[in-house]
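Notes follow the structure.
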Amino acid sequence: MPKLKPDTQLARRERILDSAEICFARSGFHRCTMQDICREAGISPGALYVYFASKEDLIAGIAERDRGEFQSRFETLSDAQDILEALAAIGEQYFVEEPRHKRLMCVEVGVESTRNPKVGEIFRAVDTHVHASFERLFERLTREGRIAPELDAPTLAGLFAVIGDGMAWRRAVDPNFEPKALMPAVVSLVRSLLRPVDAAAPSQIEAGVPIPAAATPTNRNETP
C-alpha cells in the first residue's frame with residue numbers, strides 16, 4: 001500500500017476525530033465501538049488503528065485538538081481593545097455556532113472522566129489549562145488597569161468555568177435551549193464581574209483627572 005502524503009494523513013486523522021465526536025455523542029463512550037467510528041468515518045479498522053489504538057486515545061486526540069483551538073481563540077483576548085466584545089465572540093463560537101453534538105460529546109467525556117482514570121487525566125489537564133489561561137488573563141488585565149473586578153483572578157476564573165459549563169450542559173441536554181437569546185444576559189453578567197475600565201481612564205489618570213469609583217481598582221469596594 002502506498003504511503004499517504006502528510007496532508008492526506010492529517011485530513012484522515014481529522015475525519016476520524018470528527019467521526020469519534022459524533023459517535024461518542026450519539027451512543028455514549030461505552031456503547032460506541034471502534035467499528036462504529038470506522039463506519040462513520042468511512043474507513044477500515046486497519047486504517048483507524050494506524051492513528052488511534054483505543055477509544056481513550058481518541059479522547060486524547062480530541063482533547064489535544066480542542067486545546068489547540070481554544071489557545072488560538074484565546075490568544076486574541078489579551079490585546080483586544082474591547083475585552084467584553086472579544087469574550088462574547090468566543091462565547092458565540094462555543095455556545096451558539098458549534099454543533100450541538102460537540103457539547104453532548106463533552107458531557108459524555110466529563111461523565112466518563114469520573115470512572116476512567118485515563119480519561120479523567122485527559123479531562124482534568126484540559127480543564128486546568130483553560131482555568132489557568134483565564135486566571136492569567138484576568139491578572140494581566142487587572143494589573144494593566146483595564147478591568148476593576150471585586151473578586152480575585154482565581155475566583156473569577158472559577159466563575160467563568162461555572163458559567164461556561166452551565167451553558168454547555170444546557171445546550172447538550174435541552175433541545176429547546178436557545179443560547180443566542182441568552183448571550184446578551186451572559187455578557188451583562190460578565191460585565192458586572194469584570195467591571196471594565198473606560199478606555200479614557202488611563203489618559204485621565206495621567207492628567208490627574210478623577211475617575212468614578214466604579215471604574216477604579218483602588219476604590220472598587222466603596223459604594224458608588
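Every number here is computed from the coordinates shown, using simple stated rules; none is lab data. Computed from a predicted model, the values in this text were never measured in an experiment. So basically every Cβ, Gly included, is an ideal-geometry build from the backbone, and we count neighbours across all protein chains shown.
Below 23 Å Cα-Cα, how many Lys pairs turn up in the chain? Only count pairs eight or more apart in sequence, or on different chains, if you could.
Details: LYS55/LYS102; LYS55/LYS118; LYS102/LYS118; LYS102/LYS180.
For the chain, the number of qualifying lysine pairs is 4.
For GLU139 and LEU151, calculate 0.36 nm times their separation in residues minus their Cα-Cα distance, and state this gained length in nm to one decimal. If you can, show how the numbers build up before the last one.
Working: separation 12, 0.36 × 12 = 4.32 nm, distance 1.09 nm.
Working it through step by step, the gained length comes to 3.2 nm.
Can you give the relative contact order of the chain as a percent, counting alpha carbon pairs under 8 Å and 6+ residues apart? Could the numbers behind the result be given before it?
Working: 182 pairs, mean separation 43.6, N = 224.
Relative contact order of the chain: 19 percent.
By how many degrees, between 0 and 90 and to the nearest 10, does the Cα long axis of helix 83-92 differ from the longest principal axis of the chain? With both axes taken from Cα atoms, the answer is about 30 degrees. Label region 22-114 by shape, choosing from rounded, prolate and oblate, from the square roots a ≥ b ≥ c of the eigenvalues of the Cα gyration tensor; if a/c is under 1.5 it is rounded, and otherwise prolate applies when a/b is larger than b/c, oblate when it is not. Prolate, since a/c reaches 1.5 and a/b exceeds b/c. Principal-axis analysis of the Cα atoms of the chain puts helix 6-27 at an angle of about 80° to the longest axis.
Using Cβ counts within 10 Å as a stand-in for footprinting exposure, how do LYS118, LYS5 rank, fewest first?
Numbers: LYS118 15, LYS5 9.
Fewest-to-most Cβ neighbours within 10 Å comes out as LYS5, LYS118.
Taking the number of Cβ atoms within 10 Å of each Cβ as an exposure proxy, the fewest-first ranking of LYS180, LYS102 is LYS180, LYS102.
Across region 114-122, computed HN-Hα scalar couplings (Karplus, 6.51 cos²θ - 1.76 cosθ + 1.60, θ = phi - 60°) run 7, 10, 10, x, 5, 5, x, 5, 5 Hz from first to last residue, x flagging Gly and Pro. Against the main long axis of the alpha-carbon atoms of the chain, helix 179-194 sits at an angle near 50°.
Both radii come from the Cα set of the chain: Rg as radius of gyration, Rh as Kirkwood radius; their ratio Rg/Rh reads 1.08. Inter-part distance, region 1-33 to region 94-158, computed on C-alpha centroids, equals 25 Å.
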